[in-house]
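Peer 1: Just passing along the structure, written as structure tokens.
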Amino acid sequence: MEIRAPLILSLVLIAGMLAISAWAWPLVPETARVAVHFDFAGHPNGTMSRPAALLLLPALAACTTLALAIVPRLARWKAGLDARSSGYVTGWLGCLVILFVSHTLIILLARGWAVDVPGSMSIIAALVFLALGNGLGKTRPNPFIGVRTWWTKHSDLAWDKTNRLAGRMMMVIGLAILGALAMAGTIAAHIVFFGGIIVMTAVCVWLSYVYWRRDPDRRG
């Protein structure tokens, strides 16, 4: 699997996060407690010191990039990821985009900007779901990404059908999040998000067993 493109994009995002931190560092008081966690209504319920708040997410992004760049090099994972890696790359960049946006929102709030944190993160989550859903059905069996039940690991038919279904469901959930956010606000978007994940998980686990039973070449 070619990791150069996602690696370069990840480094660009990390550099952007560090640039934003460098800009904000002299503008945020040294003794300030920076809000870094929020409830569903967008009210701060967790704070950090200035150094921790400005450096934590860039450091997490760097560690995530390192880990995801190493994974495809592991021999026993390589075949599945090399076959169709769009889902892996989308998940990789999706994680980095979420960290980048989260970091930007935290710093803008620290500078006194009026930012709709729950709404902004709902939009990002919906877009990531749409992108992941588009790539998930193309992902070949591997031990890292996809719907990995006992049955999908023992049947190529179960893997293909279950992950294609999961991809479609993720795209529906992403669109539903955007619709709920536009029509009913962030609380409704969160309900759709968490409810959709629960329903998708239950359906995919059950159908992975059904598809495994139907596969004449199933293993186990």
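Peer 1: Determine, yes or no, whether A158 is crowded, with 17+ Cβ neighbours inside 10 Å, at negative phi and touching an Asp or Glu at 6+ places or on another chain (Cβ under 8 Å).
Peer 2: Here the answer is yes, as A158 does meet what is asked.
Peer 1: If you don't mind, there's one more thing I want to ask. Residue pairs, Cβ under 9 Å, 6 or more apart or interchain, first in the range 120-134 and free of Cβ contacts under 8 Å to residues at least 40 places away in the same chain, second among the aromatic types (F, W, Y) and outside any helix (DSSP H, G or I). List them.
Peer 2: M121/F38
Peer 1: Still on this structure, I have one more. Say we look at the range 32-48 and pick out the residues that are within 17 Å of P118 (Cα to Cα), touching a strand residue (DSSP E or B) at 6+ places or on another chain (Cβ under 9 Å) and of a type in the set (G, A, S); which of these is surrounded by the most Cβ atoms within 10 Å (Cβ to Cβ)?
Peer 2: Per the stated criteria, the residue is A35.
Peer 1: Hey, another quick one. Can you tell me which of V101, V115, V128, V147 is among the β-branched types (V, I, T), at pLDDT below 95, within 30 Å of S21 (Cα to Cα) and outside any helix (DSSP H, G or I)?
Peer 2: When all the criteria are applied, what remains is V115.
Peer 1: For V12, which of the numbered conditions (1) among the hydrophobic types (A, V, I, L, M, F, W, C); (2) surrounded by 14 or more Cβ atoms within 10 Å (Cβ to Cβ); (3) under 17 Å from I98 (Cβ atoms) fails to hold?
Peer 2: (2)
Peer 1: Would you confirm whether or not the range 206-215 contains a residue that is assigned to a helix (DSSP H, G or I), of a type in the set (D, E) and surrounded by fewer than 19 Cβ atoms within 10 Å (Cβ to Cβ)?
Peer 2: Scanning the range 206-215 turns up no residue that is assigned to a helix (DSSP H, G or I), of a type in the set (D, E) and surrounded by fewer than 19 Cβ atoms within 10 Å (Cβ to Cβ).
Peer 1: Of all residues in the range 161-194 being in a helix (DSSP H, G or I), surrounded by fewer than 17 Cβ atoms within 10 Å (Cβ to Cβ) and more than 17 Å from the chain's Cα centre (by Cα), which is modelled with the highest pLDDT? It would help to see each step written out before you state the result.
Peer 2: Looking only at the range 161-194, we keep the residues that are in a helix (DSSP H, G or I), and these are 161-184, 186-194.
Filter once more, so that each one left must be surrounded by fewer than 17 Cβ atoms within 10 Å (Cβ to Cβ): 164, 168, 172, 175, 179, 182-184, 187, 191, 194.
When the remaining residues are screened for being more than 17 Å from the chain's Cα centre (by Cα), the result is 164, 179, 182-184, 187, 191.
Details: R164: 94, G179: 97, A182: 93, M183: 94, A184: 90, I187: 88, I191: 94.
Checked the range 161-194; the qualifying residue modelled with the highest pLDDT is G179.
Peer 1: How do the pairs read when you match residues in the range 184-205 that are on the phi > 0 side of the Ramachandran plot with residues anywhere that are part of a helix (DSSP H, G or I) and surrounded by fewer than 15 Cβ atoms within 10 Å (Cβ to Cβ), using Cβ under 6 Å and keeping only pairs 6 or more apart or on different chains?
Peer 2: Within 6 Å, no pair qualifies.
The values are calculated or read from the model by the stated rules, or taken from the named source; none is laboratory data. In this text the structure is predicted, and so the values were computed from the model without any measurement. Because the Cβ atoms are built from the backbone with ideal geometry, glycine has one as well, and the counts that use them run over all protein chains shown.
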